[in-house]
1. Length gain on complete extension for the stretch residue 97 to residue 163, per 0.36 nm per residue less the alpha carbon to alpha carbon distance?
2. Could you give the length gained by full extension between residue 203 and residue 118, i.e. 0.36 nm per residue of separation minus their alpha carbon distance, to one decimal place?
3. Could I have the simple spin-label model distance between residue 84 and residue 127, label points 7 Å from Cα toward Cβ, reported in nm to one decimal?
4. So what's the gap between the Cα centers of region 148-187 and region 67-144, to the nearest angstrom?
5. Report the far tail of the P(r) of region 113-239, meaning the percent of Cα-Cα pairs longer than 16 Å.
6. How much length is gained on full extension from residue 151 to residue 186, taking 0.36 nm per residue of separation minus their Cα-Cα distance?
7. Would any residue of region 200-219 have its amide N under 16 Å from a label point 7 Å out along Cα→Cβ of residue 56? List them or say none.
8. In what order do 235, 181, 85 fall by count of nearby beta-carbon atoms within 10 Å, going from fewest to most?
């Protein structure tokens with residue numbers, strides 16, 4: 001069984017998808033029931049204006065607002081709650097605003113997660129299966145997609161606290177699969193760039209995703225954010 005698929009899925013779908021099975025995406029299910037109620041309460045009780053954002057959240061939003069797109073390679077390490085290295089993987093990532101994501105894991109197994117702006121696609125070539133989710137129903141519970149959006153109402157659903165060059169994003173929903181997501185920045189010459197994501201899941205496992213070859217100058221090809229179901233691949237449509 002591949003633990004990387006489980007952790008990667010929870011990174012992309014923080015609080016939206018429950019990664020129950022490690023070996024297959026067939027068991028993924030949207031957790032709408034409790035989350036939708038909590039999110040509705042948050043939106044209702046909080047005015048969606050920049051005046052309601054705390055300073056740390058405003059600073060993070062300002063940093064991310066400068067990134068209309070980027071691509072990078074990544075190395076992912078998964079640690080147990082006591083710090084033991086459980087697994088390591090690698091892949092490549094491309095993001096473009098608004099709401100476009102291509103996340104490809106190349107090691108130890110190949111998997112794809114693609115957001116085309118309307119649908120969130122999960123594709124596992126090994127088991128020849130793809131799963132489709134409605135992005136509009138997912139994005140409000142998906143902190144990693146904050147990187148692709150400047151929507152203030154979306155940011156209202158998370159608390160943000162700064163620690164040095166790190167920003168810790170915590171879902172306000174109480175039953176999130178992930179307890180926190182940390183976004184780290186570094187400087188390269190005159191340019192500031194994303195350098196790492198790290199997050200803690202509900203079991204206490206910690207995953208770090210270190211970005212290399214970060215490129216915010218060349219716009220990723222539009223084709224990266226398009227998904228066509230390969231011949232012979234079974235589709236589980238949850239839209």
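FYI, it's all coordinate maths here, none of it is from the lab. These numbers come from a predicted model, not from an experiment. Positions of Cβ are generated from backbone atoms using ideal geometry, with glycine treated the same way; all protein chains shown enter the neighbour counts.
1. Using 0.36 nm per residue and subtracting the Cα-Cα distance, I get 21.1 nm.
2. Roughly 27.5 nm would be gained on extension.
3. In this crude label model, residue 84 to residue 127 measures out at 2.5 nm.
4. Distance between centres, Cα-based: 17 Å.
5. 71 percent
6. 10.2 nm
7. Of the residues in region 200-219, 200 have backbone N under 16 Å from the label point off residue 56.
8. The most exposed by this proxy come first: 85, 235, 181.
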